[in-house]
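Student: Below is the structure I would like to discuss, written out as structure tokens.
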Amino acid sequence: EIVLTQSPGTLSLSPGERATLSCWASQSVTGGYLAWYQQKPGQAPRLLIYGASTRATGIPDRFSGSGSGTDFTLTITRLEPEDFAVYYCQHHGISRTFGQGTKVEIK
Amino acid sequence: EVQLLESGGDLVQPGGSLRLSCAASGFTFSNYAMSWVRQAPGKGLEWVSLIGGGGDDTYYADSVKGRFTISRDNSKNTLHLQMDSLRAEDTAVYSCARDMRGYDQPFDYWGRGTLVTVSS
């Protein structure tokens with residue numbers, strides 16, 4: 001079972017700043033099966049990125065994903081007020097494990 | 001409109017059993033793999049189990065393997081999770097989630113969840 005580790009645990013930024021979130025896998029993620037989700041309090045997670053770099057339907061282009069093998073990154077180029085939330089990476093292979101999450105909070 | 005509605009959550013004693021259900025509507029249920037995902041209060045997401053569209057292929061997280069059983073009834077558009085030998089650490093909101101169509105896909109729709117509390 002792949003273990004995903006996210007960094008940092010919390011990211012304190014201001015609106016308009018760039019956010020860079022990292023996700024490391026304990027073994028190579030074959031097929032690039034790495035997704036990113038956004039979750040706000042009391043809401044279900046929202047799919048942002050899958051296949052490491054493909055934006056889901058309706059996701060703004062300020063969200064981008066990159067990486068391969070064991071190192072993956074979610075970048076939010078300019079934070080909007082609605083982007084402050086918790087972000088999870090997920091291996092979407094046979095074992096659909098999640099990372100522990102990164103909270104992006106307002107500085 | 002895709003809808004997923006979980007039910008069956010309850011307070012149960014350690015060592016007890018519980019069966020969760022997820023009623024699906026708004027799509028051809030048998031065409032999609034489905035999963036259960038849980039979230040303990042104030043904690044992160046934990047994938048629990050996945051079942052293929054036909055019901056023959058099932059997968060489990062190590063933390064629940066041998067205790068939980070996932071199943072589906074495609075004639076009733078319903079997903080189930082049978083939970084046995086429950087432990088305090090199984091306390092969480094359990095949600096069902098639908099894969100995007102195809103193999104090895106992420107989740108595109110989620111239910112709102114049902115609360116399972118394991119406590120004496």
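The values are calculated or read from the model by the stated rules, or taken from the named source; none is laboratory data. Because the structure is a prediction, the values reported are computed rather than measured. Don't worry about glycine lacking a Cβ; one is built from the backbone with ideal geometry, like all the others, and counts go over all protein chains shown. Only protein heavy atoms, including side chains, enter the accessible area calculation; ligands, DNA and RNA are left aside. Shrake-Rupley method; radii C 1.70, N 1.55, O 1.52, S 1.80 Å.
Student: For region A:75-85, does any single residue satisfy the condition of being over 26 Å from B:Gly42 (Cβ atoms), among the basic types (Lys, Arg) and in contact (Cβ under 8 Å) with a residue 40 or more places away in the chain?
Tutor: Here is the first cut: in region A:75-85, the residues over 26 Å from B:Gly42 (Cβ atoms) are A:75, A:77-78.
Then drop every residue that is not among the basic types (Lys, Arg), which leaves A:78.
Filter once more, so that each one left must be in contact (Cβ under 8 Å) with a residue 40 or more places away in the chain: A:78.
Yes, there is a match, as at least one residue in region A:75-85 is over 26 Å from B:Gly42 (Cβ atoms), among the basic types (Lys, Arg) and in contact (Cβ under 8 Å) with a residue 40 or more places away in the chain.
Student: OK, next. Which one of the conditions (1) out of contact with any helix residue (DSSP H, G or I) (no Cβ under 6 Å at 6 or more places or on another chain); (2) open to solvent by less than 20 Å² (accessible area, probe 1.4 Å) does B:Gly53 fail to meet, given that it meets all the rest?
Tutor: Result: B:Gly53 fails condition (1) only.
Student: Kindly establish whether B:Arg72 is open to solvent by 10 Å² or more (accessible area, probe 1.4 Å), more than 9 Å from chain A (Cβ to nearest Cβ), assigned to a strand (DSSP E or B) and closer than 17 Å to A:Gln90 by Cβ.
Tutor: On the way: open to solvent by 10 Å² or more (accessible area, probe 1.4 Å): yes; more than 9 Å from chain A (Cβ to nearest Cβ): yes; assigned to a strand (DSSP E or B): yes; closer than 17 Å to A:Gln90 by Cβ: no.
No, not satisfied.
Student: Counting just the residues of region B:108-120 that are open to solvent by 40 Å² or more (accessible area, probe 1.4 Å) and farther than 23 Å from A:His92 by Cα, which one comes out farthest from the other protein chains (Cβ to nearest Cβ)?
Tutor: B:Ser120
Student: Mind listing whichever residues of region B:17-50 are more than 14 Å from every other protein chain (Cβ to nearest Cβ) and surrounded by 22 or more Cβ atoms within 10 Å (Cβ to Cβ)?
Tutor: Within region B:17-50, the subset more than 14 Å from every other protein chain (Cβ to nearest Cβ) is B:17-21, B:23-31.
Matches in region B:17-50: B:Leu20, B:Ala24.
Student: Can you find a residue that is under 16 Å from B:Thr117 (Cα atoms) and not in a loop (DSSP other than H, G, I, E, B) anywhere in region B:49-67?
Tutor: No, region B:49-67 contains no residue that is under 16 Å from B:Thr117 (Cα atoms) and not in a loop (DSSP other than H, G, I, E, B).
Student: Let me ask you something else. Out of region A:59-107, which residues are away from chain B (no Cβ under 14 Å) and on the phi > 0 side of the Ramachandran plot?
Tutor: A:Gly67, A:Gly69
Student: Could I ask something else about it? Can you find a residue that is closer than 25 Å to A:Gly58 by Cβ, within 11 Å of chain A (Cβ to nearest Cβ), at pLDDT below 95 and open to solvent by 50 Å² or more (accessible area, probe 1.4 Å) anywhere in region B:89-107?
Tutor: Yes, there is a match, as at least one residue in region B:89-107 is closer than 25 Å to A:Gly58 by Cβ, within 11 Å of chain A (Cβ to nearest Cβ), at pLDDT below 95 and open to solvent by 50 Å² or more (accessible area, probe 1.4 Å).
Student: If you don't mind, another one. Which one of the conditions (1) within 13 Å of another protein chain (Cβ to nearest Cβ); (2) in contact (Cβ under 8 Å) with a residue 40 or more places away in the chain does A:Pro41 fail to meet, given that it meets all the rest?
Tutor: (2)
Student: Regarding B:Leu81, is this residue at pLDDT 95 or above and part of a loop (DSSP other than H, G, I, E, B)? Show your work before the answer.
Tutor: On the way: at pLDDT 95 or above: yes; part of a loop (DSSP other than H, G, I, E, B): no.
No; evaluated as a whole, the condition is false for this residue.
Student: Also: Looking at A:Gly93, is it closer than 23 Å to B:Gln39 by Cα, over 11 Å from the mean Cα position of the chain (by Cα) and not in a strand (DSSP E or B)?
Tutor: On the way: closer than 23 Å to B:Gln39 by Cα: yes; over 11 Å from the mean Cα position of the chain (by Cα): yes; not in a strand (DSSP E or B): yes.
Judged against the criteria, A:Gly93 is a match.
Let's see how each residue does on (1) of a type in the set (S, T, N, Q); (2) under 13 Å from the mean Cα position of the chain (by Cα); (3) modelled with pLDDT of 95 or more; (4) closer than 19 Å to B:Arg101 by Cα:
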position: B:Val2; (1), (2), (3), (4): no, no, yes, yes
position: B:Leu20; (1), (2), (3), (4): no, yes, yes, no
position: B:Met34; (1), (2), (3), (4): no, yes, yes, yes
position: B:Val37; (1), (2), (3), (4): no, yes, yes, yes
position: B:Leu45; (1), (2), (3), (4): no, yes, yes, no
position: B:Val48; (1), (2), (3), (4): no, yes, yes, no
position: B:Ile51; (1), (2), (3), (4): no, yes, yes, yes
position: B:Thr58; (1), (2), (3), (4): yes, yes, yes, yes
position: B:Ser63; (1), (2), (3), (4): yes, no, yes, no
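Student: I'd like the full set of residues that are outside any loop (DSSP other than H, G, I, E, B), among the polar types (S, T, N, Q) and within 24 Å of B:Gly55 (Cα to Cα), limited to region B:84-120. Lay out the reasoning, then the answer.
Tutor: Applying the first criterion (outside any loop (DSSP other than H, G, I, E, B)) to region B:84-120 yields B:88-90, B:92-99, B:107-110, B:114-118.
If we keep only those that are among the polar types (S, T, N, Q) too, we end up with B:95, B:114, B:117.
B:Ser95, B:Thr114 - these are the residues of region B:84-120 that are outside any loop (DSSP other than H, G, I, E, B), among the polar types (S, T, N, Q) and within 24 Å of B:Gly55 (Cα to Cα).
Student: So, in region A:1-23, exactly how many residues are away from every other protein chain (no Cβ under 11 Å) and closer than 25 Å to A:Arg78 by Cβ?
Tutor: 16
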